[in-house]
1. Each residue of the stretch 236-244 in order: what ³J(HN,Hα) in whole Hz does its phi give by Karplus 6.51 cos²θ - 1.76 cosθ + 1.60, θ = phi - 60°, with x for Gly and Pro?
2. According to a simple spin-label model (label point 7 Å from Cα along Cα-to-Cβ), what is the distance in nm between GLU335 and SER257?
3. Relative to the present Cα-Cα distance, how much length would full extension add between ILE301 and LEU127 at 0.36 nm per residue of separation?
4. Could you tell me whether the stretch 45-87 comes out rounded, prolate or oblate from its Cα gyration tensor? Rule is a ≥ b ≥ c as square roots of the eigenvalues, rounded for a/c under 1.5, then prolate if a/b exceeds b/c, otherwise oblate.
5. Arranged from highest to lowest average of other beta-carbon atoms within 10 Å per residue, in what order do the peptides 60-72, 14-26 appear?
6. Can you give me the C-alpha center-to-center distance between the stretch 271-289 and the stretch 67-103, rounded to a whole angstrom?
7. Please compute, for the alpha-carbon atoms of the stretch 255-305, the extent along each of the three principal axes and give them in descending order in Å.
Amino acid sequence: MKRFRFDRYLFLMNVISIMVAFLTHFPELIALLDPDSEQTLFPDMHPVDVVNEVIFTYLSLVLLFGLNTWLFKFNRDSVSIRFPQVVCSLVITWMGSNLLGQGYVGLHHWLSIPAIDASLHHYLHPLRDGLISIIVTGSCYLMYLNRKSRRMLVENQMLRTANLVNQYESLKSQLNPHMLFNSLNTLNSLIRETPGKAQDYLQELSKVLRYSLQESDSHRVTLEEEMNFVRSYMYLLQMRFEENLVFEVEVAPEALSKTLPPVSVQLLVENAVKHNEISNRHPLHIRIRADKDALSVSNPIQPKLTASSGTHIGLSNLSKRYQLLFGREIEVKEEKNHFIVILPLI
């Protein structure tokens, strides 16, 4: 993809240079076809003079395009180019065009390189320098905007795709038959043994399902909203695993207004429960901590005796959503036999 963009930029640069080289010498080219005007407007002008002028203008344009590309990186849509850079480009291009023109005149006088010597031609030089500057800078900036626009379209499409995957994964994890089966089994036991707790369990289950459906279309939520949902989800898990599953939550008040993708923390909690043994012999401790900059979810590594069938899509999708939404990376690491995931808070 990068190679294709670079070649396209070079192609457009050469096409524009050729067109401008001929257009800026259009009066001389017309004069060659009209012998009468040749004598009055451009006396003693020969075809070789015009050909040399056109070639010189083309090479000058290529050099000016190259100078702007090197200085301002117009061929990179990842670089931010604003009005001051455009003005600087215009001034530098005008100065460069003027210096190249004077250099060509010097070569004509000192080395007798064929060139047009007519007064009208020299009077047109300042106008041509201005037009060349506007054309070179304007073309570079328009090509930059075009590439940036195409990149934004691609990123928006990627974001829409990632969001669809997120919705699918979120709904699959919350509404899959296995999750509902476990929840209904737990609810059934509570109804028989402790009806009061069954009512509480049902309320928390409805909160979890409602949040999953409502937030599946959102790109970001506040940490406060996410933690309210996670506490309901933790309640369901604790009713299922009882004292074998322990949560430790520490969230700084200033972090609650920060944002993150929806269902992010719940996904990390679910991963911890899914991939680790939870039993009387090995209770699982999950710790959630958040300050003003980041949130971390950690748990001891207690592999299940039976390997999990997880596809690791959840963490990969969460990482892609962070990259597309915020241009940030999540951090996944293992320290002292603990699995830790750190999410930036925006």
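None of the figures in this text is laboratory data; all of them are computed from the coordinates on show. Since we're looking at a predicted model, the values are computed, not measured. No Cβ is skipped: glycine too gets one built from the backbone with ideal geometry, and neighbour counts run over all protein chains shown.
1. 4, 5, 5, 5, 7, 9, 6, 6, 6
2. Between SER257 and GLU335, the simple spin-label model gives 2.9 nm.
3. In short, 55.3 nm is gained.
4. Prolate, since a/c reaches 1.5 and a/b exceeds b/c.
5. 60-72, 14-26
6. 59 Å
7. 39, 17, 13
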